[in-house]
Protein chains: 2
Amino acid sequence: METTQQKIIDAAIEVFNVDLSANLEVVADHAQVTRRTLHRYFKDRAQLMEACQTEMQGKCRSAMMAAIKSSTDPLAQLEQMLYAGIDCGSKYAFLDKLQQHPPYRQMPDTPEGEFDEIKKQWFAIVTGLQKTGIISAELTPAWIFVLFGGMVTTTINALGSGNVARNDIKRFALFSFSRSIGIHTNTNE
Amino acid sequence: METTQQKIIDAAIEVFNVDLSANLEVVADHAQVTRRTLHRYFKDRAQLMEACQTEMQGKCRSAMMAAIKSSTDPLAQLEQMLYAGIDCGSKYAFLDKLQQHPPYRQMPDTPEGEFDEIKKQWFAIVTGLQKTGIISAELTPAWIFVLFGGMVTTTINALGSGNVARNDIKRFALFSFSRSIGIHTNTNE
DNA sequence: TTCAAATGTCTCAAAAATGAGAAATATTTT
DNA sequence: AAAATATTTCTCATTTTTGAGACATTTGAA
């Protein structure tokens, strides 16, 4: 079974991903725990946030690493990275969001350093794909990066909307993402 | 010049789009106004929220309407709707977000009714495009709808990241969106 | 069953956010 | 420049959120 501490962290990531300053009562509820219990594990909001950071970084980083190692074909790597992002769900989306806008206030200033390494590899893969003409060179890597994050968020929203079948999601996401970055080969269909 | 009230509403939409429960100080700062002034225009948070709703609904609705009326070609309509969404920026993104997750707490329950009309037309256009085989029938309209909203958010993020030139944004967005929904014709390039 | 750890309940005090009055300033209008 | 309006500053009371102590209750392992 999942440890209570873990339940709280997961709940926090989900809730904060939707509402960055949701109060801790909401997080506790979502974790099906009393606020009192939450406070027993995390001295304060900052500490909980930090735990979220660590969790997100760790999970996403290793999932991305695995994705990269899963193949030497850059296109397959990118596909696996997309799936990794989707599997990490709000972990990835939230992390991505925090990196983008260092929010108007507070937040333990994202140390990020760790994630940067992955990002570097991600860019290497994408520019590689552009150089070999497999994906369009019309788009900039920076745009493609934002697209990537956007696609993960989109899958979360799709799931949450209740109008897209869970089994379709990854297929749809790959279909849409690969086309959106101007892929030139034919994906299976 | 822009009225103070308007400045506050715009600031609120931008801030709340990033952090739904950001405190009013942040909104006031962002609007370059004292919290005291903000409170002179809006009795409380709920009232400010309501004003945001109205603003978002109004602006987005009319922009979407205009987009639809701009042509009888459904593909052109969809393109203009995308641009409308992008121009509305966080107005659209925030509205979209609120419709998706009625957030864990509070919020004047979105009356939405108004926006529903547009949504209906949007779906009509998309299913029409699918019937005529102009866009892939492999994807469901529901997914395409989430994609649409996601693309607007993506443009906001791209802009915010500072790594994508403002002048490229719409072109990139159209390129990526039209391909992501599995368009079969060739767009200009 | 029995003990220990974990969690819930109730309570309370400190801190932060909210909303507003009153007077001082600044801005616009005439 | 005077009047009218809008905004800021400072202040204060209220409410909400936060963090924690003390003790009851549950749960799980021996």
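The values are calculated or read from the model by the stated rules, or taken from the named source; none is laboratory data. Small disclaimer: the values here were computed from a predicted structure and weren't measured. Cβ: placed from backbone, ideal geometry, glycine included. Neighbour counts: every protein chain shown. What goes into the accessible areas is simple: the full protein's heavy atoms, side chains included, and nothing from ligands, DNA or RNA. Shrake-Rupley method; radii C 1.70, N 1.55, O 1.52, S 1.80 Å.
Roughly how large is the B-A contact in terms of buried accessible area, totalled over both chains, probe 1.4 Å, nearest 100 Å²?
Details: alone 10630 and 10620 Å², together 17540 Å².
By this definition, chains B and A bury close to 3700 Å².
Per residue, what accessible area does the protein assembly as shown have, given a 1.4 Å probe and all protein chains present, in Å²?
For the protein assembly as shown, the per-residue accessible area is 46 Å².
Could you work out [θ]222 nm for chain B from helices alone, using -39500 (n - 2.57) per DSSP H run of at least four and dividing by all its residues? Round to the nearest 500 deg cm²/dmol. Walk me through the numbers on the way to the answer.
On the way: 9 runs with 135 residues, N = 189.
Per the formula, -23500 deg cm²/dmol.
Could you work out how far the C-alpha centroid of segment B:1-65 sits from that of segment B:109-175, in angstrom?
The two parts, judged by their Cα centres, are 24 Å apart.
For B:T4, go 7 angstrom from Cα along the Cα-to-Cβ vector, then report the distances to that same point in the other copies in nm, smallest first.
Taking the point 7 Å beyond Cα along Cα→Cβ, the inter-copy spacings are 5.0 nm.
Which value, in Å² and to the nearest 10, is the accessible area of B:L24 when all protein chains are kept and the probe is 1.4 Å?
It works out to around 20 Å².
With the label 7 angstrom out along Cα to Cβ, how close does A:T34 come to the same site in each of the other copies, in nm, nearest first?
From this label point to the equivalent ones elsewhere in the assembly: 4.4 nm.
Taking Cα atoms, how many degrees apart are the long axis of helix A:4-18 and the longest axis of chain A, rounded to 10 and kept between 0 and 90?
60 degrees
Over segment B:1-42, what relative contact order in percent results from Cα pairs under 8 Å that are six or more residues apart?
Details: 27 pairs, mean separation 16.6, N = 42.
This gives 39 percent for segment B:1-42.
Under a 1.4 angstrom probe, counting protein chains only, how are B:M1, A:M65 ranked by accessible area, largest first? Present the calculation step by step, with values, prior to reporting the outcome.
On the way: B:M1 215, A:M65 50 Å².
My answer, sorted largest first, is B:M1, A:M65.
Tell me, what is the percent relative contact order of chain A, built from C-alpha pairs under 8 Å that lie six or more residues apart? Write down the numbers at each step before the final one.
On the way: 163 pairs, mean separation 35.1, N = 189.
Computed value for chain A: 19 percent relative contact order.
In terms of Cα to Cα distance under 28 Å, which lysines are near enough to B:K91, apart from those fewer than 8 places away along the same chain?
By straight Cα distance, B:K91 reaches A:K91, A:K97, B:K7, B:K43, B:K59, B:K69, B:K119, B:K120, B:K170.
Nm distances between the label at B:N163 and the same-position labels in the remaining copies, 7 Å along Cα→Cβ, shortest first?
Distances to the matching label points in the other copies: 3.1 nm.
What FRET efficiency comes out for the pair B:T132/A:Q6, r = Cβ-Cβ distance, R0 = 41 Å, nearest 0.05? Could you put the intermediate results ahead of the total?
Working: r = 50 Å, r/R0 = 1.22.
It comes to 0.25.
Just reorder A:T4, B:T154, A:T132 by solvent-accessible area, largest first, 1.4 Å probe, all chains present.
Values: A:T4 40, B:T154 5, A:T132 100 Å².
So, going from the largest accessible area down, we get A:T132, A:T4, B:T154.
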